[in-house]
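The values are calculated or read from the model by the stated rules, or taken from the named source; none is laboratory data. All values reported here derive from a predicted model rather than from experimental measurement. Every residue, glycine among them, receives a Cβ derived from its backbone with ideal geometry; neighbour counts consider all protein chains shown.
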Amino acid sequence: MHARKLLALVSVVMLGIAGACGGGGTTETPSPESAAPSSPAAAPEGAKVDESNAGNVTGKVVLDGTPPKEDVIKMNADPVCMREVKGPQTTEYYIVDDGGLANVFVYVKGGLDTKYVFETPTEPAKIDQKGCRYHPHVFGLRVGQPLEIMNSDPTLHNIHAVPKVNQEFNTGQPIQGMKTTHTFSTEEVMVPFKCDVHGWMNAYVGVLNHPYFAVSGKGGKFELNKLPAGTYTIEAWHEKGGTQTQSVTIGAKETKDLAFTFKAS
Amino acid sequence: MWLHRFARLVAAGTLLLIVAGGLVTSTGSGLAVPDWPTSYGYFMFSFPLSKMVGGIYYEHGHRLIASTVGMLTIALAAWLWWQERRRWVRRLGVLALVAVVLQGVLGGITVLYFLPAPISVAHAGLAQMFFCLTVTIALVTSDGWRRRYSCAATETRPDPSGDRWLARLTIATSATLYLQILVGATMRHTGAGLAIPDFPLSFGALVPPRWTMAIAINFIHRIGAVVVAVLVCSTFIRVFARHKDRLELVKPTVLAVLLVAAQITLGAMTVLTKKAVEVNTAHVATGAVLLATCLLLTLRVHRTRLDEVAAHDQGLEPSSFTPAAAGPLAFDVRRSGR
């Protein structure tokens with residue numbers, strides 16, 4: 001009984017108390033309408049897009065200003081990474097060519113008739129860990145589409161997805177050539193990936209239930225093809241620049257050009 | 001004597017473990033090993049050293065040290081159980097064993113569930129409790145404690161546990177410090193460490209002009225630092241005013257003042273260096289040492305009272321227990337057996 005009191009006295013001290021990334025912003029820039037689009041008829045439930053009458057959205061993402069200096073990556077935490085890459089390494093937030101900004105995820109955010117159905121691809125999207133970097137750095141896939149995660153490095157990686165809506169996962173890949181597959185059950189833009197072994201490694205995936213997305217490539221160019229006629233909200237996302245949206249209306253077989261401009265910050 | 005030395009070893013190992021845990025959080029390596037209790041499928045002790053790279057070095061290193069401390073704690077609890085005559089000390093050994101097992105399980109859960117803040121904070125809080133337990137065991141198995149910090153058969157100096165102000169002050173200091181560490185752990189595991197980016201002001205003002213949960217946690221930790229500093233300084237003044245002839249109180253009191261100064265400096269540097277790994281980890285470790293120091297002081301101040309409670313527990317009549325008259329080892333001799 002008193003031992004309890006004693007213990008209580010000793011332990012009273014211990015036991016008794018026991019998106020926005022800025023920049024970018026949202027801009028609503030109505031697309032200049034050179035010609036009145038034919039008003040699309042409402043799609044019947046479960047309809048597939050009539051690709052023969054579909055239109056396209058093409059465009060370019062531009063970086064306004066001088067790209068900020070990239071951060072130096074010290075890979076000396078893992079001798080294998082040092083061996084696998086050549087020369088000094090830096091982050092690659094701003095890959096700019098001819099004023100065009102790469103690695104911007106562009107997608108149809110709104111306006112798509114929900115009655116359309118799109119087959120889920122069985123071909124997996126792929127992400128590889130090579131040279132202690134993720135390849136690709138930004139990409140998109142469909143809800144339910146398999147994502148094949150591969151480790152091409154002769155060192156250990158863990159791939160750790162940190163979604164807000166989907167299920168978080170953290171998978172270890174200790175052996176070179178290992179592959180694992182994962183699927184996402186819900187739309188989410190963007191899901192960050194990181195490697196907790198190599199703190200500099202990160203990637204982003206946009207998960208959508210339709211096929212209208214693209215990642216700007218070299219020169220900042222992108223294309224969203226085979227869109228049914230209609231008015232859409234198009235969003236562009238960049239890991240440092242944030243998001244921008246524009247509205248665009250396309251008619252049957254029409255191609256509209258869009259330009260997104262991110263300011264160098 | 002060897003038991004005491006072993007207890008000190010366990011306490012030192014636990015401090016090392018806290019440093020390793022601090023490094024895991026400071027480097028963001030908490031999930032560098034995704035599985036538990038295995039490490040990338042390997043049995044913990046067979047994981048190749050060559051694969052301990054990047055964040056794995058910190059996370060797996062933390063697990064190895066934790067396992068070692070766990071085994072040392074088992075040995076300590078067994079040693080106490082078989083050799084220690086004081087029942088309450090034996091129970092401390094068992095409590096330490098339970099704490100270290102629970103701590104290991106919390107560590108596993110926090111990995112498997114992707115570092116949920118409440119579990120991570122509980123893991124950090126229990127780490128400090130376990131450290132305090134090991135320090136307590138090391139203290140109460142020491143010669144000084146057994147001899148009541150006096151070689152004289154007759155003690156003429158006033159008993160510090162009779163100094164009510166000091167008795168209350170030391171408990172309040174240790175308790176407040178533990179709370180402060182819990183707030184710090186909450187700040188650390190919710191990513192609120194730089195919610196207020198400047199120091200000593202908050203957004204250029206004495207009080208933050210705007211509030212979020214992260215800013216509130218950060219600001220409470222700053223206020224807590226001031227409260228702890230005031231309490232430690234008050235203890236220092238009281239000890240020097242009334243008990244400056246008791247080295248067993250003077251030494252930890254001076255050390256506590258120095259540690260508080262170092263800790264506040266490290267806290268400021270943590271903000272100003274934007275959580276530099278070394279500084280951030282040193283802040284965690286210094287907090288643990290400061291807590292242990294304050295606890296040690298508290299226990300020494302309450303030495304006689306603890307004896308009285310223990311005497312009751314061992315079946316001795318309160319009136320028959322007069323350690324000062326009976327000599328320094330009276331309590332051990334007069335025990336009534338297990």
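Brief remarks on what is shown
- Of the residues making up segment B:250-284, those that are in contact with a Leu (Cβ under 7 Å, 6 or more places away or on another chain) and farther than 28 Å from B:Phe203 by Cβ number 4.
- Residue pairs meeting the criteria (Cβ under 9 Å; at least 6 apart or on separate chains; first under 13 Å from A:Ser265 (Cβ atoms), in segment A:65-85; second charged (D, E, K, R)): A:Gly65/A:Lys263; A:Pro68/A:Lys240
- Cβ-Cβ contacts under 7 Å between residues 6 or more apart (or on different chains), taken from a first residue in segment A:50-64 that is within 16 Å of A:Ala214 (Cβ to Cβ) to a second residue that is outside any strand (DSSP E or B) and among the charged types (D, E, K, R), are listed as A:Gly55/A:Lys253; A:Gly55/A:Glu254.
- Residue in segment B:49-61 that is assigned to a helix (DSSP H, G or I), more than 12 Å from every other protein chain (Cβ to nearest Cβ), surrounded by fewer than 23 Cβ atoms within 10 Å (Cβ to Cβ) and over 18 Å from the mean Cα position of the chain (by Cα) present: yes
- Any hit, segment B:318-337, residues being in a helix (DSSP H, G or I), within 13 Å of chain A (Cβ to nearest Cβ), crowded, with 18+ Cβ neighbours inside 10 Å and modelled with pLDDT under 80: yes
- Residues within segment A:58-108 that are assigned to a helix (DSSP H, G or I), among the charged types (D, E, K, R) and buried (at least 18 other Cβ atoms within 10 Å of the Cβ), tallied: 0
- Of residues in segment B:195-246 being assigned to a helix (DSSP H, G or I) and among the aromatic types (Phe, Trp, Tyr), the one farthest from B:Thr176 (Cα to Cα): B:Phe240
- Which numbered condition B:His312 fails, given (1) modelled with pLDDT of 50 or more; (2) more than 10 Å from chain A (Cβ to nearest Cβ): (2)
- Only residues that are more than 13 Å from chain B (Cβ to nearest Cβ) and either in contact with a strand residue (DSSP E or B) (Cβ under 8 Å, 6 or more places away or on another chain) or of a type in the set (Val, Ile, Thr) (or both) were counted in segment A:72-91, giving 6.
- For segment A:195-208, taking the residues that are surrounded by fewer than 20 Cβ atoms within 10 Å (Cβ to Cβ) and over 14 Å from the mean Cα position of the chain (by Cα), the one that is farthest from A:Tyr107 (Cα to Cα) is identified as A:Gly199.
- Being within 30 Å of B:Ser26 (Cα to Cα) and either modelled with pLDDT of 95 or more or surrounded by fewer than 19 Cβ atoms within 10 Å (Cβ to Cβ) (or both) holds for only one residue in A:Ile127, A:Ile234, and it is A:Ile127.
- Hits in segment A:130-164 (condition: crowded, with 21+ Cβ neighbours inside 10 Å, of a type outside the set (A, V, I, L, M, F, W, C) and at positive phi): none
- Test result for A:Pro163, closer than 20 Å to A:Val106 by Cα, part of a loop (DSSP other than H, G, I, E, B) and within 14 Å of chain B (Cβ to nearest Cβ): yes
- Of the residues in segment A:38-49, at least one is at pLDDT 85 or above and surrounded by fewer than 15 Cβ atoms within 10 Å (Cβ to Cβ).
- Residue match in segment B:29-43 (condition: buried (at least 20 other Cβ atoms within 10 Å of the Cβ), within 13 Å of another protein chain (Cβ to nearest Cβ), under 30 Å from B:Arg305 (Cα atoms) and in contact with a Ser or Thr (Cβ under 6 Å, 6 or more places away or on another chain)): no
- Subset of segment B:59-88 [basic (Lys, Arg) and over 30 Å from B:Ala311 (Cβ atoms)]: B:Arg63
- Subset of segment A:109-124 [assigned to a loop (DSSP other than H, G, I, E, B) and either out of contact with any Ser or Thr (no Cβ under 8 Å at 6 or more places or on another chain) or of a type in the set (Lys, Arg) (or both)]: A:Leu112, A:Asp113, A:Thr114, A:Lys115, A:Val117, A:Phe118, A:Glu119, A:Thr120, A:Pro121, A:Thr122, A:Glu123
To keep it simple, each residue is scored yes or no on (1) touching a helix residue (DSSP H, G or I) at 6+ places or on another chain (Cβ under 8 Å); (2) over 16 Å from B:Thr110 (Cα atoms); (3) aliphatic (A, V, I, L, M).
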position: B:Met1; (1), (2), (3): yes, yes, yes
position: B:Phe6; (1), (2), (3): yes, yes, no
position: B:Val19; (1), (2), (3): yes, yes, yes
position: B:Gly22; (1), (2), (3): yes, no, no
position: B:Ala32; (1), (2), (3): yes, no, yes
position: B:Ser39; (1), (2), (3): yes, no, no
position: B:Tyr42; (1), (2), (3): no, yes, no
position: B:Phe47; (1), (2), (3): yes, yes, no
position: B:Tyr57; (1), (2), (3): no, yes, no
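- Residues that are under 16 Å from A:Gly242 (Cα atoms) and polar (S, T, N, Q) within segment A:71-109 comprise just one, A:Asn103.
- For A:Gly140, the requirement of being in contact with a strand residue (DSSP E or B) (Cβ under 8 Å, 6 or more places away or on another chain) and either small (Gly, Ala, Ser) or not assigned by TED's automatic domain parsing to the domain that holds A:Lys226 (or both) is met.
- Enumeration of residues in segment A:168-198 that are under 22 Å from A:Pro211 (Cα atoms) and in a loop (DSSP other than H, G, I, E, B): A:Thr183, A:Phe184, A:Ser185, A:Thr186, A:Glu187
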